[in-house]
Every structure is written in C-alpha cells, then in structure tokens.
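Let me begin by presenting the structure, written as structure tokens, before commenting on it.
Please treat every number below as a calculation from the coordinates, not as lab data. Since this is a predicted model, take the numbers as computed values, not measurements. Neighbour counts are summed over all protein chains in view; Cβ atoms, including those assigned to glycine, are modelled from backbone coordinates with ideal geometry.
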Amino acid sequence: MDFLARIFIKHHNNVKNPEVRKKYGLLSGYMGIVFNMILFVIKLIAGFASGSVAIMADAFNNLSDTGGSLVALLGFKMSGKKADPEHPFGHGRIEYVTGLIIAIAIILMGVELMKSSVEKILSPTEVYFSRLTVVVLLFSIFIKLFMFSYNRDFANKIGSAALKSLSADSLSDSIASSVVLISLIVSEYSSFKLDGIMGLLVSFFIVITGLKSARDTIDPLLGNPPSRELVESIEKYVASYDEIIGMHDLVVHDYGPGRMMISFHAEVRADGDFVKLHDIVDTIERKLKKALSCDAVIHMDPIFVNDEKTVKMKNLTTLIVNNISPRITIHDFRMVPGVSHTKLIFDVVVPYDFEMSDDEVVREIKKALSMLSGNIFAVVEVDKPLITKEDITDMESKSKEERKKTNKRETEKK
C-alpha cells in the first residue's frame, strides 16, 4: 500500500495537505471495495457448500464492509470540498460523519449475526467441513489483517477517524473468521456443535467494536479537547517573544482534519508600545498558521506590572482566592479607582470537578474582598481550565486507581 501511495499520490509525505489526505482516503476506499467484494463472493460459496450460518453471516458482513468502504470513499470526496457561503469552515467534519455511519453499520451487522446465532443454537443444523472452507477462511483472515494493517497505518498517518473505524472493522472481521474456523474444526472432530455459540461470541465482539468506533467519531463531532502536544506547541511559539508575558483562555475549534481555528488571550505590558505589540501578535498568528495549519485569533490583555497599588491588590486578591482553594487561579486583573469605591475586575479559573458551584466561589471571593478597606467592589467572571486529551486519560487512570483502593479498603474492613 505504501508502494501504491508513492505511485498514485503526489507529494505523499505531505499528509497535512488536504488534497494528499483526500487521496489516501480514496486509495483506502477503492482497495476496501475490491477486497470486500472478493471476500463476499468466495465466503457466500463456502457458506452454501458447508451449511454454516457463521460463514454466511461473515459473507454478508463483508458485503456491509463494502458499503462502509463506499461511505468512506464518498466522505473523503465530500470533506475535500472547499469552503462556501453555507459552510464557511469547509466540509471536513463529513469525515467524522462517515466514520459514524460505518460504526453504526458494524453494530447493525453484529446485532443481525446475534439473531442468526441464537436461532442456530435453538435449532442446530449440520455443518459440513471441507478443505475449501478452511482455505477460504484462512484467505479471509489474511486479507482482513492486511486491510487492518494499512487502514491503521493510513489512519495514523493522516489522523482520520473514518479510516480508524475501517481498521477496527477489519480487525473484528479477522477475529470473527478465526472464531468461525475454530468452531468448524472443533465440530468436525468432536460432538460439540459450536457454530451458533461461536457466532454469538463473534457478534458480541462486533457490537463492542462498533460502539468503540462510534465513540471515536462522536467525540470530535461534539468537541474534543486538544492534545497536550498541540497546546505545548502553541505555548512554545507564544513564549518565544519576550513581549508576551503570558497566555490564557486558549480555545481550539476543530472543523475537521486540517481545518482548525484557535483563539487565546496574550498578556502584554500595559505601558508597552501597542503598535509594536500588535505587530508581534500578527506575526505569531502567521507563524501558527504556517506551523500548525490553523487560523489563530489572539486578543491582547494589558497587564500592569509597574503600578505598585495594582500589583499589591492583585497579590492580596490572589491570597484570598488561594485561601478558598489553591486549585483556583486568577488572571486578567484590573483595578479601577473611583470616588466612592474601588472596582476590581478579574477572571477566576475554577476546575470542572470543584466541590463548590461557580456561584458559591464568586460569592466567597466577593465576601472576602468586601471586608477590605477602601470600599472594594468586585466584578468576577468564572473560566474553566483547558483540559487536554492526555489530562482526561490521566484523570480516568487516577479514578480507576482510587476505585481499586476503595474496594480494597472495603474488603479489608469486611
């Protein structure tokens, strides 16, 4: 497949190019249609010859896989369309939709196989063993492992959810064919009739695979957190300029592979040259677009670093917030002195899993600041921290460990 990619895909190593991604998807789709149609025909013949419901179900599973490859093919063609007035951010998310359709097809096929297997268990029929059947199943296992391999390779190379679903489907098919082969051999050399039972086990595996594939495509449609690698890359470019003191409120919008928009606030000195600072921000936006293939929108936040009263009040406010919880942080701090009162305007970052509600946090902060001298009036906005995919994985791992420890303690108490 790499050899074919070098022949048919110009600049095949430039996988960030939308046109190159599209051609990888088309190559995978065309090859999938060819392989699945071949497997459908030979398995259908072998199924009729042996009388095995598992092989027949496997044959029609390959027919549905042909439809899956066709859906992926159409998805890559449609996702490659340029932006238009009705879709100003392009059509990249169609690729996620096609991946979801493939996942649903996998689930439906698993359910149908489940029904056939239950019927076979309740009303078992004779399964005829032959060398032709064994050869057909071994050939199918080999082809499906090959399809799993190149679809997984292409999916990782171009970051495609649709190809990832196809690779998962191919792996489940190879396992299904392996189970069918084992059931035929066991049934031939023993009195156990495993065709229906093995078909049921395969159907469960197929449904689980489909559900996992569906989750992988639904997540980016709903909105996934960015990867830690992406966040660190953005921070690296921003931190390379001394004029930028810090950054916060990073938001990543994913409109499909190669179609990403990011926005964040860049903190700059309030007494700096704003014409120069604006030029630096423009330069950062252009660099991010070139390096990460994304459109960047940067908002400048002026920070008072030399005003002693503002710095002192910010430090005091930070101490008050930390007393509520060290997990809460503040940014965008401004102080506006007035005749009757002093207004403090700032944002607080409250974790998603914090024990207090956002309103309770704001009330506690305002209550503590109102006790200070100078008639303080606070305007507080609540932000949520940026969470990456890796952070979610870490939290899930910690949660599992905590559950294990809790179960161990309860067992020891008993």
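P(r) tail for segment 1-77, what percent of Cα pairs lie past 14 Å? Across segment 1-77, Cα pairs with separations above 14 Å total 64 percent.
Result for the chain in a Gaussian network model with C-alpha springs under 10 Å: among G75, G199, G374, the largest mean-square fluctuation is at G374.
The amide H of I303, built 1.01 Å from its N in the peptide plane, has V268, R269, A270 as neighbours under 5 Å, considering only residues 5 or more places off or on other chains. Close amide H contacts of S325 (hydrogens built in the peptide plane, cut-off under 5 Å, sequence separation of 5 or more or a different chain): none are found.
Sorted fewest first by neighbouring Cβ atoms within 10 angstrom, T411, T388, T98 come out as T411, T388, T98. Across segment 109-116, coupling constants 3J(HN,Hα) worked out from phi with the 6.51/-1.76/1.60 Karplus curve, θ = phi - 60°, read 5, x, 5, 5, 5, 4, 4, 4 Hz, and Gly and Pro carry x.
This ranking places E285, E188 by how few other beta-carbon atoms lie within 10 Å of each, fewest first, which gives E188, E285.
Of K287/K312; K82/K236; K43/K77; K10/K81; K23/K115, which ones are farther than 27 Å apart at the Cα? Among K287/K312; K82/K236; K43/K77; K10/K81; K23/K115, the Cα-Cα distance tops 27 Å for K287/K312; K82/K236; K43/K77; K23/K115. By the Kirkwood approach, averaging reciprocal distances over each pair of separate Cα atoms, segment 223-303 gets a hydrodynamic radius of 12.9 Å. Only lysines eight or more places from K408 in sequence, or on another chain, were considered; those with a Cα closer than 27 Å are K398, K400. Here E267, E229 are placed in order of increasing Cβ neighbour count within 10 Å, fewest first, which gives E229, E267. Taking the square roots of five times each eigenvalue of the Cα gyration tensor of segment 2-222, the equivalent ellipsoid has semi-axes of 36, 18, 12 Å, listed largest first.
On full extension of the chain, what length is gained from K384 through I345, given 0.36 nm per residue of separation minus the C-alpha to C-alpha distance? Could the numbers behind the result be given before it?
On the way: separation 39, 0.36 × 39 = 14.04 nm, distance 1.71 nm.
Answer, rounded to one decimal: 12.3 nm.
Ranked by the mean number of other Cβ atoms within 10 Å of their residues, highest first, the peptides 318-329, 159-170 come out as 159-170, 318-329. In terms of distances greater than 22 angstrom between alpha carbons, the cross-link table entries K314/K384; K164/K384; K314/K367 yield K164/K384.
Taking one quarter of the surface of the convex hull spanned by the alpha-carbon atoms of segment 305-383 gives a direction-averaged projected area of 5.0 nm². Against the main long axis of the alpha-carbon atoms of the chain, helix 195-222 sits at an angle near 30°.
So what are the ³J(HN,Hα) numbers for segment 350-355, from phi and the Karplus equation (6.51, -1.76, 1.60; θ = phi - 60°), rounded to whole Hz, Gly and Pro as x? Each residue of segment 350-355 in turn: 10, x, 4, 9, 5, 5 Hz.
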